[in-house]
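Engineer: The structure that follows is given in the form of structure tokens.
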Amino acid sequence: MNKKAESKIKDRGEERFRGLLNYWIRHNREHTSELERWIQRMEEGGWEDSAQELRKAVALALRMDRHLESALEKFSDRERGAEISPSAGAEDIPGYYDLRKIGTIHTPYSNFAPYQPRENDEGEFVIEVDPAYEAGLNRLEEFRYIYVIYYLHRSPGEISLKTRPPRTDQVVGLFASRSSHRPNPLGLSVVRLKSRQGNKLFVSGLDVFNGTPLLDLKPYLQDLDSKADAGYGWLNRSEDRDHLLLHIKGIPH
């Protein structure tokens, strides 16, 4: 067999391996999502013992997911010939990234959600962290407020780099707005942490749909995260700034 034929067979093998790894990752995530849905149903039906066993299965599936991703990453590194070093230039950094869901946000909202979090909003708002990440919540309850970072899974695909924020007379750049229609549909909210029960965080009002995927949590620190001189930017030029601020703060008027 000549080298050209050997190379073609090798390329086919690499293509097949890559395809299989991507398929296994996607298939495993689909099963994990299905298990999470059944856990919720079992809990609602009072079958807590069965739900607990499924939580363990989800934890194992998440570990499997990490190993599959690692296999794909090492396979890609082998194709490139070397790993990207910490000092790599911007041109060497990949243009896409994988984000891992670490939990689910539960809210009363199915078809409509407010534009901003409303601290005294009615209903129950619960951040349920996947059991595999529960240990990461240790002592988070000692903070009064937290950052919640999530994936805007119902955000439309098309975006515009110019937008008119609701209830304003201003047209601004997308990145000068709080619009949820962004190139990377990531959401960020600051909420009050009322209590913690195991892997569940009970919080003040959140401006997201029920079932929103959770990506990360961080403590909100006094002084470090509060900037008294932040100002209002282009809002100062709005003819109805004071009225708009009432909407932003969720104050009835």
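Engineer: Can you tell me which residue is surrounded by the most Cβ atoms within 10 Å (Cβ to Cβ) among those in the stretch 124-144 that are in contact (Cβ under 8 Å) with a residue 40 or more places away in the chain and in a loop (DSSP other than H, G, I, E, B)?
Structural biologist: Phe125
Engineer: Go through the stretch 171-194 and give me each residue that's more than 20 Å from Thr212 (Cα to Cα) and either hydroxyl-bearing (Ser, Thr, Tyr) or at pLDDT below 80 (or both).
Structural biologist: First, pick out the residues of the stretch 171-194 that are more than 20 Å from Thr212 (Cα to Cα): 171-177.
Passing the criteria: only Ser177.
Engineer: Additional query: Please determine whether any residue of the stretch 6-13 is of a type in the set (A, V, I, L, M) and modelled with pLDDT of 70 or more. Break it down into steps so the answer makes sense when it comes.
Structural biologist: Filtering the stretch 6-13 down to residues of a type in the set (A, V, I, L, M) leaves 9.
Checking which are modelled with pLDDT of 70 or more leaves us with none.
Looking through the stretch 6-13, none of the residues is of a type in the set (A, V, I, L, M) and modelled with pLDDT of 70 or more.
Engineer: Going by what's in this entry, would Asp229 be described as assigned to a loop (DSSP other than H, G, I, E, B) and either free of Cβ contacts under 8 Å to residues at least 24 places away in the same chain or not assigned by TED's automatic domain parsing to the domain that holds Tyr133 (or both)? Steps first, answer last, please.
Structural biologist: On the way: assigned to a loop (DSSP other than H, G, I, E, B): yes; either free of Cβ contacts under 8 Å to residues at least 24 places away in the same chain or not assigned by TED's automatic domain parsing to the domain that holds Tyr133 (or both): yes.
Answer is yes for this residue.
Engineer: Another question, then. Among the residues of the stretch 175-229, which ones are of a type in the set (Ser, Thr, Tyr) and out of contact with any Ser or Thr (no Cβ under 8 Å at 6 or more places or on another chain)? Give the steps one after another, and end with the answer.
Structural biologist: Pass one, the stretch 175-229, residues of a type in the set (Ser, Thr, Tyr): 177, 179-180, 189, 195, 204, 212, 220, 226.
Result: Ser189, Ser195, Ser204, Tyr220, Ser226.
Engineer: Still on this structure: Can you tell me which residue is nearest to Arg55 (Cα to Cα) among those in the stretch 196-225 that are part of a loop (DSSP other than H, G, I, E, B) and in contact with a Lys or Arg (Cβ under 7 Å, 6 or more places away or on another chain)? Lay out the reasoning, then the answer.
Structural biologist: Initially, the stretch 196-225 is screened for residues part of a loop (DSSP other than H, G, I, E, B), giving 198-199, 204-211, 220-225.
Within this subset, residues satisfying the condition of being in contact with a Lys or Arg (Cβ under 7 Å, 6 or more places away or on another chain) are 204-205, 209.
Numbers: Ser204: 26, Gly205: 27, Phe209: 23 Å.
Of everything passing the filter in the stretch 196-225, Phe209 is nearest to Arg55 (Cα to Cα).
Engineer: Select from the stretch 208-253 the residues that are within 18 Å of Arg144 (Cα to Cα) and among the polar types (S, T, N, Q) and write down the one among them that is modelled with the highest pLDDT. Full working, then the answer.
Structural biologist: The first filter runs over the stretch 208-253 and keeps only residues within 18 Å of Arg144 (Cα to Cα), leaving 216-227.
Adding the requirement that they be among the polar types (S, T, N, Q) leaves 222, 226.
Details: Gln222: 89, Ser226: 85.
Looking at the filtered set, the residue picked out is Gln222.
Engineer: While we're looking at this one, here's another question. With the requirement that a residue be crowded, with 17+ Cβ neighbours inside 10 Å and closer than 19 Å to Ala135 by Cβ, what does the stretch 203-233 give you?
Structural biologist: Result: Leu214, Leu215, Leu217.
Engineer: Can you tell me how many residues in the stretch 145-195 are touching a residue at least 60 places away in the same chain (Cβ under 8 Å), of a type in the set (A, V, I, L, M), in a strand (DSSP E or B) and closer than 17 Å to Leu99 by Cα?
Structural biologist: So the answer is 2.
The values are calculated or read from the model by the stated rules, or taken from the named source; none is laboratory data. Here the structure is a predicted model, which is why all the values come from computation and not from measurement. For neighbour counting, all protein chains shown are included, and Cβ atoms are generated from backbone atoms with ideal geometry for every residue, glycine included.
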